[in-house]
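The structure appears right after this line, and notes come after that.
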Amino acid sequence: MDACTVSEEHQRPTDPAHPAPEPPASFWRQVVFSTDHKVIGRQFLWLGLVFLAVAGTLAMLIRWQLAHPGAPVPLVGGLLFPASGGVVSPAAYTALFTMHGTIMIFFALTPILIGGFGNFCLPLLIGARDMAFPVLNMLSFWTMFAATAILTASFFTPLGPPAAGWTSYPTLSTAVGAPGVAQTLWVLAIYLNGASSVMGAVNYITTVIRFRAPGMTFFRMPLTVWGLWLASILNALFVPVLAAGAVLLFFDRVFGTRFFIAGSAIKPGGDPVLYQHLFWIFGHPEVYILILPAWGIAGDLLSFFSRKPAYGYKVTVGALIAIVVLSGVVYGHHMFVTGMSPLLGEGFMVLTMLISVPSVILGVGWLGTVWRGSIRLTTPMLFALGLVTVFGLGGFTGLFLADVLADVYLHDTFFVVGHFHLTMSAAVLLGAFAAIYFWFPKMFGRMMNEPLGKLHFALTLVTVIVTFGLQLVLGYAGMQRRLVDPSAYAFLRPLMPLNRVVSQAAFVMGAAQVLFVVNFFYSLRWGPRAPANPWQVGTLEWTVSSPPPHHNFAEIPRVFVGPHELGNPAVKAARGVDFQPQDQEPPA
Amino acid sequence: MIGSDTIRRAAIPPGSPSGGGEAAARATVTVGMTVALAAIAMTFAALLLAYGIVRVQAPTWPPPGELPLPPLWTLRLLATVLAVAGSAAMHVAARAGRTGTAATASAPLALGAAMLTGVAFLAVQVASLRALGAAGVHPDSGLAASVVYALTAFHGLHALVAVMLSLALLMARRPARPGRLLAVVAFWHLVTAVWLIVFGAVFVA
């Protein structure tokens, strides 16, 4: 067994000589070190959900400090910050926002959407029995697990957790700015996390190219698969650039090289801004790595629950590809205030503005899909609509930040915080919830509770918009990011009531997630048994039982139609249902 | 407008990708290995970009205030020759593996030769770092020294992986699965190519 082991034999059309392979018998091979993409998908999902809870809790502590600076944190303050009598100290505050960002992006949203649903959905949706390299897939999860273990360890180091921000810019992150082992552990965790992502990307890209079922042409793939596949291409190309930044930072911290330490009159040195280049060459594609799967999922769900084909499917795919290409050439807009040449800044501004063209095409596609559909407002549909709404709001605010002159004022304010939370955090989180509510029946064989899910949705959507919308206002009013106590500044003191409203909305958002946790665990145990196709849609995962058998398909399906053949009168007349399964020949 | 025209009639492309068999497995490994090599190449490209940025920004190279590094031409050229020789041996191994039957016997020989050159390459790289240290050049001596130490070490780690992968192929009791030898050979070639670029960009230029 090695990482090159190919599951090609699994993909062979079934005949008596080649039956579908049997599942492994032992507990370890079946549950822990499984090579089954469905098990690995669930492992990633669990890991992501645990760290989502951790990072969410950190956010609550951040919001407590911003609403009530200097007041001890109620209930858990004495336990978490004993040295300061339960008060969030400046050092603790920097650690809080650093770990909140790091965990949310690398260890919660990425594992849930790409690790969890990427693994679970991708082979099922294209009619494959497993990933191309199942052993590599298992290694990808356990590399991620090692990364989470190292990052968790960094919380408990003598000089405190990493505190150089999720971007870990030098000089904050050098051995001078961040002495102690915690920041080195952060670098290692990010490197391993990247290695895991690249292993996943190798699998996803290869599986889509090689393992599509007969008839599953590229333009018959669900948009979810397109989103995951394109995100994997970005992962394979740009995560290595972050890895290079991490390697150089590691050398600087451990071996004393001088890449990111500015030179002085007595000692020559490098350039702290160099790290920013490496970080953002990766960092801007990263936001699309996060949102592309969510966009794909939204595109599919809007079609499924409007009972209509996705409007402009091929144009939507074209827009996704255009965004992938553009995402690689706009990173400079994160660095407008580093003193870059105005000409270069203008170039990055124009390229960034161009992204709004394919983005609007996506939006038109979503609206056209819902337009005059027979809309079924199920929980997954509500979350998909919420994603579109929140992403729209956040996307428009991106136009301000893409503009060099506006950015000089807005940079490093809460306007940026509000913008990226709406676009690449809240929108992605809503997409993750849409995916969980939609595929939970297929993953776990039981239905989730719909009324509880709708309440969860309503509370989450309203609080997301209030929390991050008001952050835009705070930033516009001039409040900087990363201030431990805004009330220390006379010009920010009038904003404190607004800060408290943001925090209260955030606390309600946090509390609303209890509804999800209850629903998740209750449904896991007591939810009604899921039928094979509870949502009445035609993609391949719904043609097999819930949960699917080991190796998914007794026979590799043959695909005849695209993923969104809904509401067709000819199908309705012939079969009495309004959807056309992808593996059935359409009526003449 | 929804109509039956939205449904395209059954068109199963002939020779669809998922057919099973050895040739198909080899093609799958090729795709996977291409992606993996692209990712590794991007890591080195980013490191070389970083080197390019600091070098372009510096008024002179090495930057003012830094002593010139000892060129160590003998060791650098020896490393380059060994890297190319290793890749050549791997090329022979790949051809033997591809043609199969009678020629297969020469694959372990070529693999073993490649492994030896790989180990020698690593030894030369360690010797070059020790020679730098002996001349008083350490990682924290300055930017030029940082570049040499970081690139030599990070590239060396990849060369070590290449040697270990070849060792794993040699030690395997069963004959290698289809495509695995070719994947290791491709990785080996990438490591050699990166060294040639580093040699040209860092030591010659």
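Of note:
- Filtered residue count, segment A:205-225, keeping only those that are open to solvent by 10 Å² or more (accessible area, probe 1.4 Å) and within 10 Å of another protein chain (Cβ to nearest Cβ): 8
- Criterion (open to solvent by less than 60 Å² (accessible area, probe 1.4 Å), free of Cβ contacts under 8 Å to residues at least 24 places away in the same chain and closer than 30 Å to residue A:215 by Cβ) met by exactly one of A:532, A:477: A:532
- Selection count where residues are open to solvent by 10 Å² or more (accessible area, probe 1.4 Å) and closer than 22 Å to residue A:291 by Cα, scope segment A:359-377: 9
- Index of the failed condition, residue A:172 passing every other in (1) over 23 Å from the mean Cα position of the chain (by Cα); (2) open to solvent by less than 50 Å² (accessible area, probe 1.4 Å): (2)
Conditions tested, residue by residue: (1) closer than 21 Å to residue A:97 by Cα; (2) of a type in the set (Phe, Trp, Tyr).
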| position | (1), (2) |
| --- | --- |
| A:461 | no, no |
| A:482 | yes, no |
| A:491 | no, yes |
| A:494 | no, no |
| A:510 | yes, no |
| A:519 | no, no |
| A:527 | no, no |
| A:545 | no, no |
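- Residues of segment A:269-279 that are open to solvent by less than 20 Å² (accessible area, probe 1.4 Å) and either in a helix (DSSP H, G or I) or more than 10 Å from every other protein chain (Cβ to nearest Cβ) (or both): A:274, A:275, A:278, A:279.
Yes/no matrix, rows are residues, columns are (1) open to solvent by less than 20 Å² (accessible area, probe 1.4 Å); (2) within 11 Å of chain B (Cβ to nearest Cβ); (3) part of a helix (DSSP H, G or I):
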site	(1), (2), (3)
A:243	yes, yes, yes
A:252	yes, yes, yes
A:267	no, yes, no
A:286	yes, no, yes
A:289	yes, no, yes
A:292	yes, no, yes
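Matching residues to (1) outside any loop (DSSP other than H, G, I, E, B); (2) among the aliphatic types (A, V, I, L, M):
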position	(1), (2)
A:216	no, yes
A:224	yes, no
A:231	yes, yes
A:258	no, no
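- Looking across segment A:57-72, just one residue is of a type in the set (A, V, I, L, M) and assigned to a loop (DSSP other than H, G, I, E, B), and that is A:71.
- Out of B:112, B:118, B:136, sole residue that is assigned to a helix (DSSP H, G or I) and either open to solvent by 10 Å² or more (accessible area, probe 1.4 Å) or β-branched (Val, Ile, Thr) (or both): B:112
- A count restricted to segment B:62-100 and to residues that are open to solvent by 70 Å² or more (accessible area, probe 1.4 Å) and either aromatic (Phe, Trp, Tyr) or within 14 Å of chain A (Cβ to nearest Cβ) (or both) stands at 5.
- Counted residues, segment B:130-153 - those being within 14 Å of chain A (Cβ to nearest Cβ) and over 21 Å from residue A:269 (Cβ atoms): 0
- Beta carbons closer than 8 Å, at least 6 apart along the sequence or on distinct chains, pair a first residue in segment A:429-453 that is over 24 Å from residue A:104 (Cβ atoms) with a second that is of a type in the set (Lys, Arg) and open to solvent by 40 Å² or more (accessible area, probe 1.4 Å) for A:445/A:529; A:446/A:529; A:447/A:529.
- In summary, residue A:163 fulfils each of the numbered conditions (1) part of a helix (DSSP H, G or I); (2) open to solvent by 10 Å² or more (accessible area, probe 1.4 Å) with the single exception of condition (1).
- Residue A:516 being within 25 Å of residue A:370 (Cβ to Cβ), open to solvent by less than 30 Å² (accessible area, probe 1.4 Å), modelled with pLDDT of 95 or more and out of contact with any Lys or Arg (no Cβ under 6 Å at 6 or more places or on another chain): yes
- Boolean, residue A:384 is under 23 Å from the mean Cα position of the chain (by Cα) and either of a type in the set (Ser, Thr, Tyr) or closer than 22 Å to residue A:566 by Cα (or both): yes
- Of all the criteria given as (1) more than 21 Å from residue A:337 (Cα to Cα); (2) surrounded by 17 or more Cβ atoms within 10 Å (Cβ to Cβ), the one not satisfied by residue A:450 is (2).
- Single unsatisfied condition, residue A:559 versus (1) farther than 27 Å from residue A:445 by Cα; (2) at pLDDT 95 or above; (3) within 14 Å of chain B (Cβ to nearest Cβ): (1)
- Which numbered condition residue A:190 fails, given (1) more than 8 Å from chain B (Cβ to nearest Cβ); (2) over 19 Å from residue A:109 (Cβ atoms): (2)
- Failed condition for residue A:103, given (1) out of contact with any Gly (no Cβ under 9 Å at 6 or more places or on another chain); (2) under 30 Å from residue A:73 (Cβ atoms); (3) of a type in the set (A, V, I, L, M, F, W, C); (4) open to solvent by 10 Å² or more (accessible area, probe 1.4 Å): (4)
- Only one of A:299, A:283 that is more than 30 Å from residue A:577 (Cβ to Cβ) and within 19 Å of the chain's Cα centre (by Cα): A:283
- Test: residue A:169 is among the hydroxyl-bearing types (Ser, Thr, Tyr) and in a helix (DSSP H, G or I): no
- Of the numbered criteria (1) without any contact (Cβ under 8 Å) to a residue 40 or more places away in the chain; (2) aliphatic (A, V, I, L, M); (3) under 30 Å from residue A:185 (Cβ atoms), the one residue A:209 fails is (3).
- Enumeration of residues in segment A:566-588 that are in contact with a Pro (Cβ under 7 Å, 6 or more places away or on another chain) and open to solvent by less than 20 Å² (accessible area, probe 1.4 Å): A:566, A:571, A:580, A:582
The values are calculated or read from the model by the stated rules, or taken from the named source; none is laboratory data. These numbers were taken from a predicted model, which means no experiment stands behind them. Glycine gets a Cβ as well: all are built from the backbone with ideal geometry, and neighbour counts include every protein chain shown. Ligands, DNA and RNA are excluded from the accessible area calculation, which covers all protein heavy atoms including side chains. Shrake-Rupley method; radii C 1.70, N 1.55, O 1.52, S 1.80 Å.
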